[in-house]
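> One structure coming up, written as C-alpha coordinates, with questions to follow.
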Amino acid sequence: MTLFQGTLYESFHEVDWSTWEPRERATLLFVVRDGSILLIHKKRGIGAGKINGPGGRLDDGESALEGAVREVEEELGVTPTGVREAGVLRFQFTDGHSILCYVFTASDCHGEPTATAEATPMWTPLDQIPFDQMWEDDRLWMPLMLAGKQFEGESLFHGERMLGYEIRERRR
(Lines give C-alpha, C1' and ligand atoms only; values in the text may rest on other atoms or scores of the structure.)
Protein backbone atom coordinates (compact mmCIF):
# COMPACT_ATOMS: atom_id res chain seq x y z
CA MET A 1 0.00 0.00 0.00
CA THR A 2 1.37 3.43 -0.90
CA LEU A 3 1.52 6.30 1.50
CA PHE A 4 0.23 8.81 -1.05
CA GLN A 5 -1.77 7.31 -3.87
CA GLY A 6 -1.02 8.79 -7.28
CA THR A 7 2.23 10.46 -6.25
CA LEU A 8 5.65 10.10 -7.85
CA TYR A 9 7.56 9.76 -4.56
CA GLU A 10 6.61 8.19 -1.26
CA SER A 11 9.77 9.11 0.60
CA PHE A 12 12.68 11.53 0.49
CA HIS A 13 15.11 8.72 -0.36
CA GLU A 14 13.25 7.84 -3.58
CA VAL A 15 14.36 11.13 -5.15
CA ASP A 16 17.67 10.84 -7.04
CA TRP A 17 19.08 14.21 -6.00
CA SER A 18 22.30 13.55 -7.97
CA THR A 19 20.41 13.79 -11.29
CA TRP A 20 17.55 16.00 -10.10
CA GLU A 21 16.53 18.85 -12.43
CA PRO A 22 14.10 21.62 -11.44
CA ARG A 23 11.05 22.62 -13.46
CA GLU A 24 11.55 26.21 -12.36
CA ARG A 25 14.10 28.46 -10.70
CA ALA A 26 13.11 30.93 -8.01
CA THR A 27 14.48 33.22 -5.30
CA LEU A 28 13.87 34.34 -1.74
CA LEU A 29 15.42 37.47 -0.26
CA PHE A 30 15.27 38.42 3.41
CA VAL A 31 16.16 41.94 4.58
CA VAL A 32 17.63 41.66 8.09
CA ARG A 33 18.36 44.86 10.01
CA ASP A 34 18.26 46.19 13.56
CA GLY A 35 17.23 42.84 15.05
CA SER A 36 14.27 42.39 12.67
CA ILE A 37 13.58 40.53 9.45
CA LEU A 38 11.31 41.69 6.63
CA LEU A 39 8.76 38.95 6.01
CA ILE A 40 5.64 38.88 3.88
CA HIS A 41 2.18 37.44 4.16
CA LYS A 42 1.89 35.89 0.69
CA LYS A 43 -1.41 36.62 -1.03
CA ARG A 44 -1.22 34.41 -4.15
CA GLY A 45 0.74 31.68 -5.92
CA ILE A 46 2.60 28.81 -4.29
CA GLY A 47 2.42 29.26 -0.53
CA ALA A 48 -0.49 31.73 -0.61
CA GLY A 49 -1.59 32.41 2.95
CA LYS A 50 1.81 31.57 4.42
CA ILE A 51 4.46 33.85 5.89
CA ASN A 52 7.67 33.88 3.85
CA GLY A 53 10.30 36.18 2.40
CA PRO A 54 9.70 38.09 -0.81
CA GLY A 55 10.70 36.20 -3.92
CA GLY A 56 9.46 34.32 -6.92
CA ARG A 57 10.24 32.80 -10.28
CA LEU A 58 13.21 33.91 -12.33
CA ASP A 59 12.58 35.38 -15.75
CA ASP A 60 14.37 33.89 -18.79
CA GLY A 61 17.97 35.07 -18.95
CA GLU A 62 17.83 36.65 -15.49
CA SER A 63 20.49 35.87 -12.88
CA ALA A 64 19.40 34.74 -9.44
CA LEU A 65 20.61 38.04 -7.92
CA GLU A 66 18.76 40.12 -10.52
CA GLY A 67 15.59 38.12 -9.97
CA ALA A 68 15.79 38.36 -6.18
CA VAL A 69 16.12 42.16 -6.27
CA ARG A 70 13.37 42.49 -8.90
CA GLU A 71 10.96 40.36 -6.87
CA VAL A 72 11.47 42.47 -3.72
CA GLU A 73 10.93 45.65 -5.72
CA GLU A 74 7.74 44.26 -7.32
CA GLU A 75 6.30 42.72 -4.15
CA LEU A 76 7.15 45.44 -1.63
CA GLY A 77 8.23 48.57 -3.51
CA VAL A 78 11.68 48.68 -1.90
CA THR A 79 15.19 48.07 -3.23
CA PRO A 80 17.34 45.77 -1.09
CA THR A 81 20.93 46.83 -0.37
CA GLY A 82 23.92 44.90 0.89
CA VAL A 83 22.63 41.76 -0.81
CA ARG A 84 24.58 38.52 -0.43
CA GLU A 85 23.97 34.89 -1.31
CA ALA A 86 22.92 32.75 1.64
CA GLY A 87 21.98 29.36 0.24
CA VAL A 88 20.43 27.08 -2.32
CA LEU A 89 17.36 24.91 -1.73
CA ARG A 90 15.91 22.14 -3.89
CA PHE A 91 12.21 21.42 -3.49
CA GLN A 92 10.58 18.33 -4.96
CA PHE A 93 6.83 17.88 -4.71
CA THR A 94 5.17 14.48 -4.96
CA ASP A 95 3.02 15.72 -7.85
CA GLY A 96 6.18 16.18 -9.95
CA HIS A 97 6.65 19.93 -9.52
CA SER A 98 10.20 20.97 -8.58
CA ILE A 99 11.88 24.26 -7.71
CA LEU A 100 15.50 25.31 -7.36
CA CYS A 101 15.50 28.29 -4.97
CA TYR A 102 18.36 30.73 -4.46
CA VAL A 103 18.23 32.39 -1.03
CA PHE A 104 19.69 35.83 -0.37
CA THR A 105 19.91 38.24 2.55
CA ALA A 106 20.17 42.01 2.48
CA SER A 107 21.40 44.31 5.22
CA ASP A 108 18.92 47.10 4.42
CA CYS A 109 16.60 48.51 1.77
CA HIS A 110 15.76 51.84 0.19
CA GLY A 111 12.15 52.89 0.64
CA GLU A 112 9.38 51.81 2.94
CA PRO A 113 7.83 48.37 2.35
CA THR A 114 4.30 48.69 0.97
CA ALA A 115 1.55 46.10 0.54
CA THR A 116 0.85 45.01 -3.03
CA ALA A 117 -1.44 42.49 -4.72
CA GLU A 118 1.32 39.91 -4.08
CA ALA A 119 2.20 40.46 -0.44
CA THR A 120 1.72 42.31 2.82
CA PRO A 121 5.07 43.27 4.45
CA MET A 122 5.81 42.72 8.13
CA TRP A 123 8.94 43.62 10.07
CA THR A 124 9.34 40.83 12.61
CA PRO A 125 11.75 40.66 15.56
CA LEU A 126 14.27 37.85 14.97
CA ASP A 127 13.17 36.10 18.18
CA GLN A 128 9.51 36.13 17.08
CA ILE A 129 9.67 34.58 13.58
CA PRO A 130 6.28 32.80 13.13
CA PHE A 131 7.60 29.42 11.97
CA ASP A 132 4.20 27.82 12.61
CA GLN A 133 2.79 29.96 9.74
CA MET A 134 5.66 29.23 7.34
CA TRP A 135 6.81 26.30 5.20
CA GLU A 136 7.99 23.44 7.44
CA ASP A 137 11.58 23.53 6.17
CA ASP A 138 12.09 27.22 7.05
CA ARG A 139 12.79 26.46 10.72
CA LEU A 140 15.63 24.16 9.61
CA TRP A 141 17.70 26.48 7.39
CA MET A 142 16.75 29.98 8.55
CA PRO A 143 18.88 29.75 11.72
CA LEU A 144 21.92 29.07 9.49
CA MET A 145 21.00 32.03 7.29
CA LEU A 146 20.53 34.33 10.29
CA ALA A 147 23.89 33.21 11.70
CA GLY A 148 25.55 34.32 8.44
CA LYS A 149 26.33 30.75 7.37
CA GLN A 150 25.86 29.49 3.84
CA PHE A 151 23.70 26.40 3.39
CA GLU A 152 22.16 24.06 0.86
CA GLY A 153 19.47 21.48 1.13
CA GLU A 154 16.75 19.36 -0.33
CA SER A 155 13.16 18.84 0.78
CA LEU A 156 10.36 16.60 -0.42
CA PHE A 157 6.79 17.88 0.00
CA HIS A 158 3.35 16.39 -0.49
CA GLY A 159 1.30 19.55 -0.92
CA GLU A 160 2.35 21.67 2.06
CA ARG A 161 3.46 18.71 4.19
CA MET A 162 7.20 17.98 4.34
CA LEU A 163 8.04 14.28 3.95
CA GLY A 164 11.80 14.54 4.32
CA TYR A 165 14.78 16.85 4.11
CA GLU A 166 18.52 17.27 4.31
CA ILE A 167 20.07 20.65 5.14
CA ARG A 168 23.83 21.20 5.15
CA GLU A 169 26.10 24.10 6.00
CA ARG A 170 28.27 24.95 2.98
CA ARG A 171 31.95 25.59 3.50
CA ARG A 172 33.11 28.83 1.90
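The values are calculated or read from the model by the stated rules, or taken from the named source; none is laboratory data. Just so you know, these numbers come straight off a predicted model, no measurement behind them. All Cβ positions, even for glycine, are placed from backbone atoms using ideal geometry, and neighbour counts span all protein chains on display. The area values use the complete protein model at the heavy-atom level, side chains included, leaving out ligands, DNA and RNA. Shrake-Rupley method; radii C 1.70, N 1.55, O 1.52, S 1.80 Å.
> Averaging sequence separations of C-alpha pairs under 8 Å and six or more residues apart, then dividing by the length of the chain, give the relative contact order as a whole percent.
Details: 359 pairs, mean separation 44.0, N = 172.
The normalised contact order for the chain reaches 26 percent.
> Relative to the Cα centre, what is the charge dipole magnitude of the chain, using +1 at the beta carbon of each Lys and Arg, -1 at the beta carbon of each Asp and Glu, and rounding to the nearest 20 debye? Walk me through the numbers on the way to the answer.
Working: 18 positive and 29 negative charges, 60 e Å.
The calculated dipole for the chain is roughly 280 debye.
> Using only the alpha-carbon atoms, how far is helix 64-76 inclined from the longest principal axis of the chain? Give it as 0 to 90 degrees, nearest 10.
In the chain, helix 64-76 runs at an angle near 60 degrees to the longest axis.
> Which whole-Hz ³J(HN,Hα) couplings does region 97-104 yield from phi under the Karplus relation 6.51 cos²θ - 1.76 cosθ + 1.60, θ = phi - 60°, glycine and proline marked x?
Whole-Hz 3J(HN,Hα) from phi for region 97-104: 5, 8, 9, 9, 10, 9, 10, 10.
> Using only the heavy atoms of the protein chains and a 1.4 Å probe, how would Thr120, Thr114, Thr105 rank by accessible area, largest first? If you can, show how the numbers build up before the last one.
On the way: Thr120 55, Thr114 75, Thr105 15 Å².
So the residues, ranked largest to smallest area, are Thr114, Thr120, Thr105.
> Given the options Leu8, Ser98, Met142, identify the residue whose Cα lies farthest towards the positive end of the charge dipole of the chain (+1 on Cβ of Lys, Arg; -1 on Cβ of Asp, Glu).
Met142
> Two decimals, Cα atoms only, Kirkwood Rh: what is Rg/Rh over region 4-73?
1.07
> Let me ask something additional. May I ask for the percentage of alpha-carbon pairs in region 62-102 that lie more than 14 Å from each other? Working shown, then result.
Working: 472 of 820 pairs.
Percent of Cα pairs beyond 14 Å in region 62-102: 58.
> Choose one of Leu38, Leu89, Pro22: the residue whose Cα lies farthest towards the positive end of the charge dipole of the chain (beta-carbon charges +1 Lys, Arg; -1 Asp, Glu; about the Cα centre).
Of the options given, the answer is Leu38.
> What's the magnitude of the charge dipole for region 20-91 around its Cα centre, counting Lys and Arg as +1 and Asp and Glu as -1 at the beta-carbon? Answer in Debye, nearest 20. Spell out each step's value before the answer.
Numbers: 11 positive and 12 negative charges, 83 e Å.
For region 20-91, the charge dipole is close to 400 debye.
> Only four residue types carry charge here, +1 at the Cβ of Lys and Arg and -1 at the Cβ of Asp and Glu. Report the dipole size of region 6-57 about the Cα centre in Debye, rounded to the nearest 20. Walk me through the numbers on the way to the answer.
Values: 8 positive and 6 negative charges, 106 e Å.
The dipole magnitude comes to about 500 debye.
> Continuing with this model, one more query. Grab the DSSP H runs of the chain that are 4 residues or longer, score each as -39,500 (n - 2.57), total them, divide by all residues and round the 222 nm result to the nearest 500 deg cm²/dmol. Don't skip to the end; give the middle numbers.
Numbers: 2 runs with 22 residues, N = 172.
Theoretical 222 nm ellipticity from helices: -4000 deg cm²/dmol.
> So for region 66-171, what percent of the C-alpha to C-alpha distances run longer than 24 Å?
Details: 1638 of 5565 pairs.
Pairs farther apart than 24 Å: 29 percent.
> I've got another one for you. Using the Kirkwood formula over every pair of different C-alpha atoms, what hydrodynamic radius in Å results for region 1-147?
On the way: mean 1/r = 0.0622 Å⁻¹.
Result for region 1-147 stands at 16.1 Å.
> With a probe of 1.4 Å, find how much accessible area the chain has per residue, and write the answer as a whole number in Å².
Details: 8680 Å² over 172 residues.
Result: 50 Å² of accessible area for each residue.
> Moving on. Hey, can you grab everything whose amide H is under 5 Å from the amide H of Asp108? Only 5+ residues off in sequence or another chain; H modelled, so Pro and N-termini drop out.
For Asp108, the qualifying residues are Val32, Thr81.
> Here is a further query. At a 1.4 Å probe, what is the % contribution of carbon and sulfur to the accessible area of the chain? The partial results should precede the final answer.
Values: 4110 of 8680 Å².
Of all accessible area on the chain, carbon and sulfur atoms account for 47 percent.
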